[in-house]
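Worksheet for the structure shown next.
Bear in mind these aren't lab numbers, they're just calculated from the coordinates by the rules spelled out. Please read all numbers here as calculations on a predicted model, not as lab measurements. So basically every Cβ, Gly included, is an ideal-geometry build from the backbone, and we count neighbours across all protein chains shown.
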Amino acid sequence: MSEQPNEQNNEELRIGVYVCHCGTNIAGVIDPKEVVKFSEGLPNVVHATDTLYACADSGQRLIKEDIKKHKLNRVIVSACSVRMHEPTFRAAVSEAGLNPFLMEMANIREQCTWAHGHDREGALEKAKDLTASAVAKSQFLTPLDMVDVPVTQKAMVIGGGVAGISASLDLAEQGIKTILVEKEPTIGGVMAQLNKTFPTMDCSI
């Protein structure tokens, strides 16, 4: 497909798309090669391929090698959820010299093959749409840098009931200076008003 510049910085976009089989989690419902073929026709995509397990060392190595080989400056991984492996792929592209925030994921497992296993044709079309959306979004991504922000290790818990007391103790055990605020003269909340508690029938205080 013809290459278009990124209007934000006049950068020539070179997008790589990687479609994961995830064993049979994805490939058992759709044909990843069909998504690859579709991706090859998307704007600014200069390389597209499928891989058995994108998150495996072999899959990450493939991405890193292709970034250098094809001079990719955007990477799309069509695989599982960002919660599962976004840090994995960001680390991989970073090791290849690409800013980690120039990687985008399309969830074609949880949001597609797992949800639409009963409709293979519909699942394939959705996988294509999700991948196309990720490709389109990647064209507006800009490099970001991680920054260190000083954090005051101090917390305030409002409410001195059982939950507030428990939260305060948990925070304190982590070494965090904690202030417990309660509007009543005593702490304990409703529990403090009970004269006996189950199962020991002891005094609540």
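Sparsely packed loop sites in region 1-102 (the trypsin sites (Lys or Arg not before Pro) outside DSSP H, G, I, E and B with at most 14 other Cβ atoms within 10 Å) comprise 71. Centroid-to-centroid, using Cα positions, region 23-46 and region 159-205 are 55 Å apart. Within the chain, which is the longest segment that contains none of the GluC sites (Glu not before Pro) sitting in a DSSP loop with at most 12 other Cβ atoms within 10 Å? My reading of the result: 8-205 is the longest stretch.
Annotation for region 156-205: trypsin sites (Lys or Arg not before Pro) lying in DSSP loop with at most 15 further Cβ atoms inside 10 Å of their Cβ are 183, 196. For residue 177, the lysines whose Cα falls under 21 Å of its own Cα, not counting residues fewer than eight places away in the same chain, are 154.
Taken about its Cα centre, the chain carries a charge dipole of about 160 debye when Lys and Arg each add +1 at the Cβ and Asp and Glu each add -1 at the Cβ. For the chain, relative contact order (Cα pairs under 8 Å, six or more residues apart, normalised by length) works out to 17 percent.
Among the listed pairs 64/126; 33/64; 68/126, those with a Cα-Cα distance over 25 Å are 64/126; 68/126.
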